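Let me begin by presenting the structure, written as C-alpha cells, before commenting on it.
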Amino acid sequence: MQLRTHKALPTMALGAVLAAPLAAQAEDSGDPIVIPIHNWNSQIVMSHVVGQIFEQMGNNVEYVSTDSQAVYEAVRLGDVHLEMEVWEGAFGASFNEALEKGGLHDAGDHDAVTREDWWYPEYVAELCPGLPDWEALNGCADMFATPETGDQGRFLGGPVDWLKHDQERVDALGMNFKVVNAGSASALWAELAAAEKRGEPIVLFNWTPNFIEAVYPGAFVEFPEHEPGCDKDSSKGPNPDETYDCANPPNGYLKKAAWDGMEETWPAAYEMLTKISFTNPQIAEMAKLVDIDELEPEEAATVWLEENENVWQAWIN
Ligand code: TMO
C-alpha cells in the first residue's frame, strides 16, 4: 500500500505539471456555434468544412440558412456567430455598417482575391467587338434584348440579396440595359449553358473564385474604374450627379467576420477561425465539388477535409 502510493506519486506530479498550463486556459462552451449558410456553393461547403473542424475539436455546431445581407446584423447581435465569406463587392457595405454599430469584428482575410461583376462567355466578344469595355457593351444592347426587357438589353443579375445596385449603375451610366434578377445561382448557370449551346449573346453576374472559370472561358465587363466611396459620393465616378457609376472592386477582399462574444465563449474554436485562410483554387474547388461533381455540401466538405488534411491540421496545432 505504502509502496504503491509512493510509486504513483511521480506520475501524479507529472500529470499535475502537464495539466497546469491547460487548466489556465478556459474551455470552449458546449453551446452550439451557429454558422450561417447562404445561396452559393463555396460558402455552403466552406461553412461545413469549418463546422466539421470545430466538431473534430469537440465543439457543437448548428447551421442556419440566412439572408446574405441581413447576416451581418445577425452576427452583430450574436444570433449567429461568424461569417466565412465576406465578399467586398457584394457585402462590404453591410459588413461596414454592422462594424460601426458594434458587436461584430473582422476575423482576418482569406488569401483569396475576389471580383464580382458583369461577365460574358468568350464567344460573346466575337458578337460584340469592343468588349470588355462597357460602352462597347452598351452599343450592342439590342443584341441582349429578350421579350422580358423589350428594346433594352438584359443583364441577368444574381439573387436579389447579393449585389444590390446593378440597376442604379445602369441608370447612372445611362445604359440601355435592364436588370433581371435570377432566383438562384443554379438559374444563372442554367441560362449560361443554354445561351452557350445556342451561341446566343448573354451578359450575367459572375464572380471569382468560382467553378465557372474551369468550365467556361470568359471575361468581366470593364466599367469605369472602381473608386472607394462611389456608392455614396456622387462626385466619384464619371457621372457627377449619380452614385454607383463605377465598377465593383477588381481585386476585392474576402474576409471572415466573428461575433465579439465568440472569443470568450469558444476560445479554441475562435483561435482556429482566426488562422483560417483559403486560396482562390481551394474556394473554386469547394464550389466544383457541388456544382460539377454534384455532391451534397456536407459530403463535399468531408471530401475536401480528407484531401487537404495538411492544410487544416496546421490551423489546429
Ligand atoms: C456573393 N457572391 C460571391 C455570389 O458574389
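Figures for the structure shown
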{"read-out": "Any hit, the range 119-142, residues being at pLDDT 95 or above and within 16 Å of the ligand (Cβ to nearest atom)", "value": "yes"}
{"read-out": "Candidate set: the range 36-76, residues that are of a type in the set (A, V, I, L, M, F, W, C), in a helix (DSSP H, G or I) and within 17 Å of LYS275 (Cα to Cα); chosen: the one nearest to the ligand (Cβ to nearest atom)", "value": "MET46"}
{"read-out": "Test: residue in the range 94-115 that is part of a helix (DSSP H, G or I), within 13 Å of the ligand (Cβ to nearest atom), free of Cβ contacts under 8 Å to residues at least 60 places away in the same chain and closer than 30 Å to SER277 by Cα", "value": "yes"}
{"read-out": "Condition broken by THR274, with the remaining ones in (1) assigned to a helix (DSSP H, G or I); (2) out of contact with any strand residue (DSSP E or B) (no Cβ under 6 Å at 6 or more places or on another chain) satisfied", "value": "(2)"}
{"read-out": "Answer from GLU285, GLU296, GLU263, GLU271 - the residue that is under 30 Å from PRO132 (Cβ atoms), at pLDDT 95 or above and either touching a Ser or Thr at 6+ places or on another chain (Cβ under 6 Å) or not aliphatic (A, V, I, L, M) (or both)", "value": "GLU285"}
{"read-out": "PRO217 being surrounded by fewer than 17 Cβ atoms within 10 Å (Cβ to Cβ), closer than 17 Å to GLU116 by Cα and away from the ligand (no atom under 16 Å from the Cβ)", "value": "yes"}
{"read-out": "From GLY174, GLY130, GLY150, GLY229, residue being within 26 Å of PHE95 (Cβ to Cβ) and outside any helix (DSSP H, G or I)", "value": "GLY229"}
{"read-out": "Pair list, Cβ < 6 Å and 6+ apart or interchain, from the range 21-45 residues that are within 16 Å of ILE283 (Cβ to Cβ) to residues that are at pLDDT 95 or above and small (Gly, Ala, Ser)", "value": "ILE37/SER47; ILE37/SER65; HIS38/SER68; TRP40/ALA185; ASN41/ALA287; SER42/ALA287; VAL45/ALA300; VAL45/ALA301"}
{"read-out": "Where a residue in the range 271-292 is under 24 Å from GLY261 (Cα atoms) and its partner, wherever it lies, is at pLDDT below 95, with Cβ under 8 Å and at least six apart", "value": "MET272/ILE316"}
{"read-out": "Residue within the range 83-93 that is surrounded by 22 or more Cβ atoms within 10 Å (Cβ to Cβ), modelled with pLDDT of 95 or more, away from the ligand (no atom under 16 Å from the Cβ) and assigned to a strand (DSSP E or B) present", "value": "no"}
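The values are calculated or read from the model by the stated rules, or taken from the named source; none is laboratory data. Every value quoted in this text rests on a predicted model; they were computed, and no experiment measured them. Here the Cβ is made from the backbone with ideal geometry for all residues, glycine too, and neighbour counts use every protein chain on show.
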